[in-house]
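Undergrad: Below you'll find the structure I mean.
The values are calculated or read from the model by the stated rules, or taken from the named source; none is laboratory data. For clarity, every value in this text was computed on a predicted model and none was experimentally measured. Cβ placement follows ideal geometry from the backbone for every residue including glycine, while neighbour counts extend to all protein chains displayed.
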Amino acid sequence: MGTRAVVVVCQNEETAKKPFGIVNEGIGIYYTRTGRRFFGNSALETQLLARINAALKISGFWEKFSTDWVCLDSELMPWSAKAQTLLRKKYAPVGVA
């Protein structure tokens, strides 16, 4: 079971300026279905966005659909990737006991 995530990925940082007016904040964002940032760790988010972008480039997505950005409704697996704080604070003490 996973956690729902909305992902916006731009082909590059220059592309993020045109439709979104975003400057020097990367090529996209992961956010929850309620609109909050999905990850507290920006380095992890940057790595995941880069991997998605690489897959889109390799597959020819940008050319095939004549676009330079995409919004994906997704499910991030495993759900524990999002719930690390919950696991540490709530469930780890129970496991130790």
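Undergrad: Please verify whether W79 is of a type in the set (F, W, Y), at pLDDT 95 or above and surrounded by 13 or more Cβ atoms within 10 Å (Cβ to Cβ), treating the condition exactly as stated.
TA: Values: of a type in the set (F, W, Y): yes; at pLDDT 95 or above: no; surrounded by 13 or more Cβ atoms within 10 Å (Cβ to Cβ): yes.
When the stated conditions are applied, W79 does not pass them.
Undergrad: Follow-up question, since we're still on this one. If a residue has to be modelled with pLDDT of 85 or more and not in a loop (DSSP other than H, G, I, E, B) to count, how many in the stretch 1-48 make the cut?
TA: So the count comes out to 23.
Undergrad: Which one is surrounded by the fewest Cβ atoms within 10 Å (Cβ to Cβ), of the residues in the stretch 65-76 that are among the hydrophobic types (A, V, I, L, M, F, W, C) and more than 15 Å from N12 (Cα to Cα)? Show your work before the answer.
TA: Going through the stretch 65-76, the residues among the hydrophobic types (A, V, I, L, M, F, W, C) turn out to be 65, 69-72, 76.
Now drop any that are not more than 15 Å from N12 (Cα to Cα), which leaves 65, 72, 76.
On the way: F65: 10, L72: 13, L76: 16.
Result: F65.
Undergrad: A follow-up question, please. Say we look at the stretch 41-64 and pick out the residues that are buried (at least 16 other Cβ atoms within 10 Å of the Cβ) and aliphatic (A, V, I, L, M); which of these is nearest to E13 (Cα to Cα)?
TA: L49
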